[in-house]
Amino acid sequence: MKPVIALVGRPNVGKSTLFNRLTKSRDAIVADFAGLTRDRHYGDGRLGDREFICIDTGGFEPDSSTGIVKEMAKQTKQAVAEADAVIFVVDIRLGLSAHDSDIARYLRSVNKRVHLAVNKAEGMSESPLLAEFHELGMGEPHPISSAHGQGIRSLLDAVLEPF
Ligand code: GDP
Ligand code: MG
């Protein structure tokens, strides 16, 4: 069985860009505005001879209670339920937000393996800004650049290690 990896995080942090890189597809919709990818989206990923299934999600707003945003939260929770591991994506350029903390709290409650990917970190992998993400209590933050392909292999090595 291929492990299933869900990409979770608030809108616009770069989940779809990461999905495209992991699956080498251009299928996920990458938007310059928040929240366009509203459905779950599956792709085949590969690292060397290891294969996995990747799920892109539309974003996560756990406190929202209406409309499309509620639907996005529901889809994301279903993706997490289906997943063997979660990559929780945050944005180093926006920094840590209350929203990220809410997502972290949710992810802790579901008892899945979670890896924290700090995206948009091109040229910033040594940045002191990385340290603040320790606060999320999700282990060592992995600096990555989904757009430029940096840090992806080391992140995936950690994610796929138990499988
Ligand atoms: P999603 O809403 O989480 O799926 O985010 P998207 O993948 O749609 O990306 C949102 C925006 O962030 C787009 O403008 C991307 O080009 C940009 N982006 C994604 N990854 C990176 C990255 O590694 N570095 C930088 N600088 N921008 C990125
Ligand atoms: Mg997206």
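The residues in the range 57-87 that are outside any helix (DSSP H, G or I) and modelled with pLDDT under 90 can be counted, and the count is 10. Being out of contact with any strand residue (DSSP E or B) (no Cβ under 9 Å at 6 or more places or on another chain) and at pLDDT below 85: is that true of residue 26 here? The answer is yes for residue 26. For the range 88-107, which residues satisfy the criterion of being at pLDDT 95 or above and not in a loop (DSSP other than H, G, I, E, B)? If the condition is that a residue be at pLDDT 95 or above and not in a loop (DSSP other than H, G, I, E, B), then 88, 89, 90, 91 are the ones that fit. Any idea how many residues of the range 90-142 are polar (S, T, N, Q) and within 16 Å of ligand 1 (Cβ to nearest atom)? So the count comes out to 4.
The values are calculated or read from the model by the stated rules, or taken from the named source; none is laboratory data. A quick note: this is a predicted structure, and the numbers were derived from the prediction, not measured. Reconstructed Cβ throughout: ideal geometry from the backbone, glycine too, with neighbour counts over all protein chains shown.
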